[in-house]
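A short worksheet on the structure shown next.
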Amino acid sequence: MPGDGPRRRAPADRRPRRRRAAVVFLVAVALVGGGLLGHDLLSPPHPAGPPARTRPGARLAVPRTAAAVAVRTYAADRFGRVQVLTLQLGRPLGTRKVWVYRPSARDSPTLPVLYFLHGVPGTPADLFTEAHFVTAMDRYLAAGGRPFVVASLDGRSGRHPDTEWVDAVDGTDPIASLALGPELAAVEGSNRRDREHRALAGYSMGGYGAMNLAMIHPGMFGQVATIGGYFHVDDPDRMLGTAPATIAANSPDQHPTAARGLHILILDSTGDRDPTARGQTPAFAATLRAAHVPATETLIPGGHTWSFVTAAIPRMITFLAVGWAGDHPAA
């Protein structure tokens, strides 16, 4: 999109050069080192397969639930377990993977769920293998924190490498509909949550996606947290096409009042040099303030890197816990 600046993101998000062996090693370090037992490890999810042939402009029908969901336990400890859900959606939608952390608590409609959106290139595993989420969650629960579920959704596509967590206007990639439809349904099952027990968060492209989707679907989520995100359209693969109205509708910085009612955390690093995300947090926070929309803006040392995300995770957990306790001021 003109004016978006040079293309984009730091190596930790945009251009990682990781071999499969390195990913397996990181999984073992993140989960076993975080206190999870390594006796039931799976291989990390494979990249999305080749795209099915679809007539341009033909919209794919997205089912409300998957035809089948295979559940495998990745690891477990006394605080909870990590599962990998494999959803079979049939042709031409294929297979989607969702990584889920389930605490050692009875599932119910009032057990909160955090949905996390990965960056690009990225996978649903990144929250666990790169950001060491389980380590932070173990510490939080050991200190007496309120349990909640975490689900890292699948925003990948073979047609559009950079999906921006939106539905493609040409009908070929219903990424948002898949995430908020069958993927969310597979996580919640029969215990569907209301907006007060759902939060949406993400890193980099996922940070944009989290804010955009929370604003577009105000009845679905009560809280939103962005980590190193941005708040304008940055769409090199033209998921949204070129129509000004469509682009404006998916630009959080152009309609800030749509964020009213959300408990908002905007987290960024003091040394973020990513050309797309740089300066976005203070600018968007100012836009929200001008629209009289409360938000918490937090800057911590670091850059657009996974070490920054790892440092940001405990702050996000604390913020969400306050929101689920009902201790934040009404928006």
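Selection of segment 246-260 for residues being surrounded by fewer than 18 Cβ atoms within 10 Å (Cβ to Cβ) and more than 14 Å from residue 166 (Cβ to Cβ) yields 253, 254, 255, 257, 260.
The condition (being within 25 Å of residue 113 (Cβ to Cβ), within 19 Å of the chain's Cα centre (by Cα) and in a helix (DSSP H, G or I)) is satisfied by just one residue among 201, 225, 210: 210.
For segment 244-262, state whether one or more residues are closer than 28 Å to residue 140 by Cβ and assigned to a loop (DSSP other than H, G, I, E, B). There is at least one residue in segment 244-262 that is closer than 28 Å to residue 140 by Cβ and assigned to a loop (DSSP other than H, G, I, E, B). Which residue pairs have Cβ atoms closer than 6 Å, lie 6 or more positions apart in sequence or on different chains, and pair a first residue in segment 106-118 that is farther than 16 Å from residue 318 by Cα with a second residue that is crowded, with 20+ Cβ neighbours inside 10 Å and of a type in the set (Phe, Trp, Tyr)? Filtered contacts from segment 106-118: 117/165. Examine segment 285-298 for a residue that is of a type in the set (A, V, I, L, M, F, W, C), more than 18 Å from residue 180 (Cβ to Cβ), surrounded by fewer than 16 Cβ atoms within 10 Å (Cβ to Cβ) and in contact (Cβ under 8 Å) with a residue 24 or more places away in the chain, and state whether such a residue exists. Among the residues of segment 285-298, at least one is of a type in the set (A, V, I, L, M, F, W, C), more than 18 Å from residue 180 (Cβ to Cβ), surrounded by fewer than 16 Cβ atoms within 10 Å (Cβ to Cβ) and in contact (Cβ under 8 Å) with a residue 24 or more places away in the chain, which makes the answer yes. Of all residues in segment 274-285, none satisfies being touching a helix residue (DSSP H, G or I) at 6+ places or on another chain (Cβ under 7 Å) and assigned to a loop (DSSP other than H, G, I, E, B). Counting only strands (runs of 3 or more DSSP E) that sit wholly inside segment 68-107, those with at least 3 residues that are out of contact with any Leu (no Cβ under 8 Å at 6 or more places or on another chain) are 80-88.
For first residues located in segment 121-142 and outside any helix (DSSP H, G or I), partners that are among the polar types (S, T, N, Q) and surrounded by fewer than 24 Cβ atoms within 10 Å (Cβ to Cβ) and lie 6+ apart or on another chain with Cβ distances below 7 Å form the pairs 131/310; 132/310.
Readers should treat all values here as calculations from the given coordinates under stated rules, not as data from a laboratory. These numbers were taken from a predicted model, which means no experiment stands behind them. Every residue, glycine as well, gets a Cβ built from its backbone with ideal geometry; the counts of neighbours run over all protein chains shown.
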